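This report refers to the structure that appears directly beneath it.
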Amino acid sequence: MISIVELSILTLNIWGIPFISKDRSLRVNAISKQLADGDYDVVSLQEVWSNDDFEYIRKVTQKSLPFSHYFHSGVVGSGLCILSKYPITMTLFHSWSVNGYVHRIQHGDWFGGKGVGLCQIMVQKQPINIYIAHLHAEYDRDCDDYKAHRVIQSFDTAQFIESTRGESILQVLAGDLNTEPGDLAHRLLLSTAKLTETCDNSVPTCDNPTNSYTPQSTIDSLPNGKRIDYILYRPGRDCQANVLDYKLPLSHSIPDHPISFSDHEAVYSRIRITLPQSPLPDSSNITFKNEDNGLVTALNEAIDICRDNLEKLRSHKTIYFTMALAVMMTLFYLIDMVPPYGLQTMFTVLRVIVSGLALFFLFMATLWNSMEANGILAGKLAMEISLRNAESEKAIDRSL
């Protein structure tokens, strides 16, 4: 067996909910600096709910982690992103079929359009699949209304890994899985996808008693915290992998501030992969091969269409907001107006219809517009990655 480069991976739920998460700007700045100064090959981040936060993190870590991808989905985005030292050659996102309830706005999981993301990176010309997921939260362990959803998400994620692993020499799932060791969702995920833990101990990654954001009431009821953040792995066919290191690298407070980096702990693993001496089977089915001379042209045309559509969606958003405002003004006029004798029923029906129109235009300008825009943007970003690889391979072909 011959050893290839070791892969160091960090995962962290940054708790980046705008207007809700405490000390968000300060913590995002501190997290970005730690990632930029650290020696990480891959970083998996969850709850990056602000695009400005993602752009800031990407900018600060540009030198040490020059490749990145955010998985756009749902109304506000999936909150998932991956930063990498190595080139990202392919991305894919699979939305889960069940993801909470739209009417439970206080939980908000449905609005994130959650799912499992995949970034394939190339390390010494060998493909490695990095998966990222953030399963539905468990808000009440004694009366968990989302247990079935989380179990389905876990199984769906495992099947996605199984169906996309191809000839990658290593598959890694890093994220906030919101399930504790031994829970059904945890057991289902490991057994179905044949994944292995990077740590055998119950290390508290959430509600850690040393974390500044853990309430005293939680410490009293759960003194040892709980482990819900993981780095799981599986070696590829004929390959071997072993864990060299596992730790919580950001378990101390932010320098010069008495607060933690997040309400979750960052998890770090270093994995060594060894390959068989004989070459691996051809992996053209999972890595980009520029065999079609018209591919670059087609990708450029598709990206242009996506770009035009995104511009139209921005215009549609303004139009729908304008129409909603006009309809609402009409509604206010109808509410204040005293209907003529005998027409009270007709005016009531008219008010209901106008109210429905106002709600429809607002829905189209906000929720629907965001979901469509995120879906198109996700496809556009994936096309751009494929285009870069296609152009690179064309340049190599020309030089030969």
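The values are calculated or read from the model by the stated rules, or taken from the named source; none is laboratory data. Values in this document were obtained by computation on a predicted structure and should not be read as measured data. Reconstructed Cβ throughout: ideal geometry from the backbone, glycine too, with neighbour counts over all protein chains shown. Side chains are part of the model used for accessible areas, which takes the heavy atoms of the whole protein and leaves out ligands, DNA and RNA. Shrake-Rupley method; radii C 1.70, N 1.55, O 1.52, S 1.80 Å.
Compute the label zone of Ala298 within segment 371-399: residues whose backbone N is under 12 Å from the point 7 Å along Cα-to-Cβ.
Taking a point 7 Å out along Cα→Cβ of Ala298, no residue of segment 371-399 has its backbone N under 12 Å.
How long is the gain from Asn29 to Glu311 if the chain were fully straight, where each residue apart is worth 0.36 nm and the alpha carbon distance is subtracted?
Gain on stretching Asn29 to Glu311: 98.4 nm.
Need one value: the accessible area of Arg58 in square angstrom, 1.4 angstrom probe, rounded to the nearest 10.
Here the accessible area works out near 80 Å².
At 1.4 Å probe radius, can you tell me the per residue accessible area of the chain in Å²?
49 Å²
Taking all protein chains together and a probe of 1.4 Å, list Ile130, Ile305 from the most accessible to the least accessible.
So, going from the largest accessible area down, we get Ile305, Ile130.
Which length gain, in nm to one decimal place, applies between Ile20 and Asn51 when the Cα-Cα distance is subtracted from 0.36 nm times their residue separation?
Separation in residues times 0.36 nm, less the Cα-Cα distance, equals 9.6 nm.
What per residue convex hull volume, in Å³, do the alpha-carbon atoms of segment 1-72 yield?
Value for segment 1-72: 95 Å³ per residue.
Over 10 Å intervals from 0, what percent of Cα-Cα pairs in the chain sits in each interval?
Histogramming the chain at 10 Å steps yields 4, 20, 29, 23, 13, 7, 3, 1, 0, 0 percent.
Among the aspartates and glutamates, which have Cα under 13 Å from the Cα of Lys63 when same-chain residues fewer than 8 positions away are ignored?
Those aspartates and glutamates meeting the cut-off are Asp37, Asp39, Asp41.
Divide by every residue of the chain the summed helix terms, -39500 (n - 2.57) for each DSSP H run of at least 4, and state the resulting mean residue ellipticity at 222 nm, rounded to the nearest 500 deg cm²/dmol. Intermediate results must be reported in sequence, preceding the final value.
Details: 8 runs with 151 residues, N = 400.
Helices in the chain give a 222 nm mean residue ellipticity of -13000 deg cm²/dmol.
Going highest first, how would you order 131-138, 339-346, 257-264 by mean Cβ packing within 10 Å?
131-138, 257-264, 339-346
Would you work out what percent of the accessible area of the chain, with all protein chains in place, is carbon or sulfur (probe 1.4 Å)?
C and S fraction of accessible area: 56 percent.
Would you kindly find the accessible area of Ser163, with a 1.4 Å probe and non-protein molecules such as ligands, DNA and RNA excluded, rounding to the nearest 10 Å²?
So the heavy atoms of Ser163 present about 90 Å² to solvent.
Using a Förster radius of 56 Å, what is the FRET efficiency between Arg141 and Lys394 based on their Cβ-Cβ separation? Nearest 0.05, please.
With a Förster radius of 56 Å, E is 0.55.
Helices from the chain with mean Kyte-Doolittle at least -0.5 and a Cα length along the axis of 24 Å or more, per DSSP H: which? Write down the numbers at each step before the final one.
Working: long enough: 147-164 (26 Å, -0.34); 295-336 (61 Å, 0.55); 344-363 (28 Å, 1.83); 369-399 (45 Å, -0.36).
The answer, listed by residue number, is 147-164, 295-336, 344-363, 369-399.
Restricting to bridges with both residues inside segment 118-215, how much of the DSSP beta-bridge set is antiparallel, in percent to the nearest 5? Mind dumping the intermediate values first?
On the way: 6 of 11 bridges.
Around 55 percent of the beta bridges assigned by DSSP in segment 118-215 are antiparallel ones.
Under 16 Å from the Cα of Lys394, which aspartates and glutamates turn up, not counting those fewer than eight places away in the same chain?
Result set, ordered by chain and number: Glu291, Asp292, Glu384.
To the nearest 10 square angstrom, what accessible area does Trp96 show with a 1.4 Å probe?
The accessible area of Trp96 comes to roughly 20 Å².
Rank these residues by their accessible area, most exposed first, probe 1.4 Å: Ile335, Ile273.
Details: Ile335 95, Ile273 0 Å².
Largest accessible area first, the list is Ile335, Ile273.
Pulled fully out, how much extra length does the chain show between His252 and Ser212, if you take 0.36 nm times their separation in residues and subtract their Cα-Cα distance?
13.4 nm
Points 7 angstrom from Cα along the Cβ direction at Ser97 and Thr318: gap in nanometres?
4.1 nm
For Lys312, list the lysines whose Cα falls under 29 Å from its own Cα; do not include residues on the same chain fewer than 8 positions away.
Lys59, Lys114, Lys380
Dividing the alpha-carbon Rg of segment 152-197 by 2.2 N^0.38 Å yields what? Show your work: numbers first, answer last.
On the way: Rg = 10.3 Å, N = 46, 2.2 N^0.38 = 9.4 Å.
Output field value: 1.10.
For the chain, what does the relative contact order come out to in percent, with C-alpha contacts under 8 Å and a separation of six or more? Mind showing how you got there, number by number?
Values: 751 pairs, mean separation 69.9, N = 400.
Contact order relative to length: 17 percent.
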